[in-house]
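The values are calculated or read from the model by the stated rules, or taken from the named source; none is laboratory data. Just so you know, these numbers come straight off a predicted model, no measurement behind them. Positions of Cβ are generated from backbone atoms using ideal geometry, with glycine treated the same way; all protein chains shown enter the neighbour counts.
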Amino acid sequence: MNGPVFAALDVGGTKIAAALVDEDGTVLRRDRVPTPREGADAVLRAAARLLNDLSGTTDHDRRDAADRGRDGVTPYGRDGAADRGRDDAAVRRPGGAAGRGLGRTAVRGLGVGAPGVVDPATGRVVSATDVLPGWAGADVRGTLAALTGLPVTVVNDVRAMAYGEARAGAGAGHHRVLHVSVGTGVGGALTVGGRLEHGAHGTAGELAHLLVPEEGPIPCGCGRRDHLEAVASGPAIAVTGDTPRAGALLGRALAGLLAVLDPDAVVIGGGVAQIGAPFLDAVTTAFRHEALPPLRATPILPARLGTDAPLVGAALLAHNALLAHDALLAHDALLAHDAPPTPAAETATSPGSLR
Ligand SMILES: [Zn+2]
């Protein structure tokens, strides 16, 4: 394998998924385990074990190592292209990873998509519903960094999913991508020029609380009933049974929102989007009817990565963090060379020395 590899976790209420992902967003391996119900610490320990197992050698790797007459070959030290396209069963290696650790020399970082409101600066869960017992307040970054030895980047799971689709899924190639996730709730996120927009309070792109012209059958997550989530989320549709109506209300809301954000493309994912045409066609028809003329041709695209999306997004965010870290180090090195100025500083400022 030529480029760096990143580990990724998608922590959910019923399962924890893990993957190894390359810098282009290609999933090299993936696996999952049920989520423990005994609190945040048990969840994070199970996640770290899953990563450790995932990074163990495959039977193929072990044969390869035996053929060459030496031991200790990690899956990262060799060309991983052969592993692409293997299914989960093929890379599951019970007990095969014992004592091998995470191959830290080659896995460059860990990205985590976590439920709840996450402070990206600290990697802590600020608040969470009871989807995971004891999850609110969890120090996801600190705990996983200690357990894996990797630099850890933590982001809300919907934002991880949005970023994965924007960079390597349905939104790839578009500069400004609005991701809309419709599942048990309604979520959204905005990616501009390959960067996830957090906003001043971490809610940029969040569209659950857009006002809609009717009361929903259930309350929005915030308690109001005249918000998009109260009419268009999976639980709302389960009550009304009216999928096209939910789609139409989302489409109308998008028409207004797109006049504000003017993205190059909208990607719609989440469990409700998987209903397909009855929902997505209703969204698109209502949007085109309501939107300002210049916005009507904006592509509205179904998500493409499925359950890989949060893993891909988390891994690519970990890559961004690494690039930012390296840039900071290079900048510090430049400053160190700038004072006092010496002939050596000339070499330090040449583009070739900036990695
Ligand atoms: Zn609301």
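Can you name every residue in the stretch 144-162 that is at pLDDT 95 or above, surrounded by 20 or more Cβ atoms within 10 Å (Cβ to Cβ) and within 19 Å of Pro34 (Cβ to Cβ)?
Leu144
Which residues, counting only those in the stretch 191-230, are over 30 Å from Ala168 (Cα atoms), within 12 Å of the ligand (Cβ to nearest atom) and of a type outside the set (D, E, K, R)?
Step one: of the stretch 191-230, the residues over 30 Å from Ala168 (Cα atoms) are 211-220, 222-227, 230.
Of the ones still in play, those that are also within 12 Å of the ligand (Cβ to nearest atom) are 211-212, 216, 218-220, 222-227, 230.
Answer for the stretch 191-230, where residues must be over 30 Å from Ala168 (Cα atoms), within 12 Å of the ligand (Cβ to nearest atom) and of a type outside the set (D, E, K, R): Leu211, Val212, Gly216, Ile218, Pro219, Cys220, Cys222, Gly223, His227, Ala230.
Select from the stretch 231-250 the residues that are of a type in the set (A, V, I, L, M, F, W, C) and more than 16 Å from the ligand (Cβ to nearest atom) and write down the one among them that is farthest from Val117 (Cα to Cα).
Ala248
If you take just the strands (runs of 3 or more DSSP E) that sit entirely in the stretch 4-101, which of them hold at least 2 residues that are modelled with pLDDT under 50? Full working, then the answer.
Numbers: elements: 5-11, 15-22, 27-34.
Counting at least 2 such residues, we get no strands (runs of 3 or more DSSP E) at all.
Checking Thr184 against (1) in contact (Cβ under 8 Å) with a residue 60 or more places away in the chain; (2) surrounded by fewer than 24 Cβ atoms within 10 Å (Cβ to Cβ); (3) over 17 Å from Thr129 (Cα atoms); (4) within 15 Å of the ligand (Cβ to nearest atom): exactly one of these is not met. Which one?
Of everything listed in (1) in contact (Cβ under 8 Å) with a residue 60 or more places away in the chain; (2) surrounded by fewer than 24 Cβ atoms within 10 Å (Cβ to Cβ); (3) over 17 Å from Thr129 (Cα atoms); (4) within 15 Å of the ligand (Cβ to nearest atom), Thr184 misses just condition (3).
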